[in-house]
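Before any comments, here is the structure.
All of the numbers you see were taken from the coordinates with simple rules; none came from a lab. Being a predicted model, the structure only gives us computed values, none of them experimental. Cβ placement follows ideal geometry from the backbone for every residue including glycine, while neighbour counts extend to all protein chains displayed.
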């Protein structure tokens with residue numbers, strides 16, 4: 001079956017976001033990254049900054065932080081509310097038409113749709129560090145630190161809010177090592193799905 | 001860099017072996033599966049049957065069995081000898097020319113070569129069970145049992161003899177879900193590498 005929805009999960013520094021953007025452009029699919037954040041902001045009333053930070057990342061401390069955030073009378077925290085709304089909106093945009101969705105647990109949210117290809121982009125440490133140094137103008141040590149922290153926060157968030165395990169092959173239709181294959185090859189392969 | 005050597009690791013029932021055979025045929029690469037076993041038999045003096053069973057599978061009991069097999073004065077068991085020889089021969093055939101190697105921890109053995117693409121083929125339970133039932137003329141329960149046992153023995157063998165973890169995305173250039181993509185699509189993607 002043709003894959004009209006492509007979700008892209010990625011390690012920090014692997015180029016996954018850029019790959020997603022190029023795939024959407026080449027296929028003429030709607031690209032959801034910032035656009036998804038704006039949509040969530042409109043529907044929830046939450047700030048873009050809060051959604052960007054919280055909709056895909058665990059707090060920078062640790063997973064237990066989720067237990068201590070402010071909860072309402074039903075025991076629901078703003079993080080749970082954001083997660084529920086995010087999930088609802090991702091289901092809606094999947095109905096609207098062909099699209100590429102980067103991050104935000106979209107692979108887990110849309111796991112039952114057979115018209116989806118779920119892609120995970122990872123890479124080798126040296127290539128990822130080099131990319132982060134260039135993109136964010138950081139030293140090697142700073143880049144390594146940023147990478148570890150971002151991947152850790154993504155993993156904790158994913159494992160907390162889904163039944164899956166972040167980066168476990170089983171969740172994904174295809175996983176690609178962008179350092180070994182090159183960014184262009186990854187784009188070709190995904191467009192060919 | 002062009003990938004002139006392709007290693008294929010696979011879950012039982014995912015069609016990985018068949019995919020490897022088709023890829024080799026289409027690209028005109030040498031296909032190593034039975035042929036590799038014959039080569040190892042020639043060089044080691046071990047029987048084809050023993051190599052087939054032991055070179056990729058843990059004993060059907062458990063990992064501790066490795067501690068109890070007969071060892072020589074240097075503490076080496078025939079399993080260790082086979083593993084060392086298998087590794088040496090896989091390095092040799094990689095030097096000889098373009099090829100596809102199925103199983104036998106070849107991805108781990110050749111992990112440092114940049115002219116290799118390491119592929120893992122997995123699949124969804126129902127599709128794999130169906131394939132095993134048809135191929136081996138088994139009932140559904142027998143197929144499930146066989147699948148669990150074979151994957152378990154492959155995993156234990158791989159984790160014992162390599163530094164990696166069987167089926168962990170990180171070891172592979174690309175992983176493909178053959179149930180979601182279809183066998184033909186998997187062949188296309190690998191040939192395009």
Practice task
Please figure out what share of the DSSP beta bridges in chain A is antiparallel and state it in percent, rounded to the nearest 5.
Solution key: 5 percent
Problem - Other protein chain Cβ atoms within 10 Å, averaged over every residue that makes up B:176-184 - result: 4
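For chain A, what is the mean residue ellipticity at 222 nm derived from helices alone (per DSSP H run of n ≥ 4: -39500 (n - 2.57); sum divided by total residues; nearest 500 deg cm²/dmol)? Working shown, then result.
Details: 10 runs with 104 residues, N = 193.
Calculated mean residue ellipticity at 222 nm is -16000 deg cm²/dmol.
Given axes a ≥ b ≥ c from the Cα gyration tensor, I'd like to know whether the stretch A:84-125 is rounded (a/c under 1.5), prolate (a/b larger than b/c) or oblate.
Working: a/c = 2.22, a/b = 1.67, b/c = 1.33.
Prolate is the answer for the stretch A:84-125, as a/c is 1.5 or above and a/b outweighs b/c.
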Handout entry: Average partner coverage of A:157-170, which counts Cβ from other chains inside 10 Å
Key = 2
Fill in the blank from the handout: Distance in nm between residue B:160 and residue A:111 label points, each 7 Å along Cα→Cβ, equals 3.2 nm
Problem - For residue B:168, label point 7 Å along C-beta direction: distances to other copies, nm - result: 1.5
Exercise for the section: Could you pull the copy-to-copy label distances for residue B:126, with points set 7 Å along Cα to Cβ, in nm to one decimal and sorted shortest first? Expected result: 4.6
Problem - Shape category assigned to chain B from the gyration tensor of Cα positions, a/c cut at 1.5 - result: oblate
Exercise for the section: In vacuum, with every alpha carbon of the protein assembly as shown counted as one equal point scatterer, what does the Debye formula give for log10 I(q)/I(0) at q = 0.07, 0.10, 0.13 Å⁻¹? Two decimals, please. Expected result: -0.37, -0.72, -1.12
Practice task
Kindly give the distances from residue B:77 to its copy-mates, label point to label point, with each label point 7 Å from Cα along Cα→Cβ, as nm values to one decimal ordered shortest first.
Solution key: 4.8
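Under the definition of partner shielding as Cβ atoms of other protein chains within 10 Å of a residue Cβ, what is the mean value for peptide A:133-144?
Numbers: counts 0, 0, 0, 0, 0, 0, 0, 0, 0, 0, 0, 0.
Across the residues of A:133-144, the mean count of other-chain Cβ atoms within 10 Å is 0.
Among bridges DSSP assigns within the protein assembly as shown, what percent are antiparallel (round to 5)? Numbers along the way, then the final one.
Values: 5 of 39 bridges.
Roughly 15 percent of the DSSP beta bridges within the protein assembly as shown come out antiparallel.
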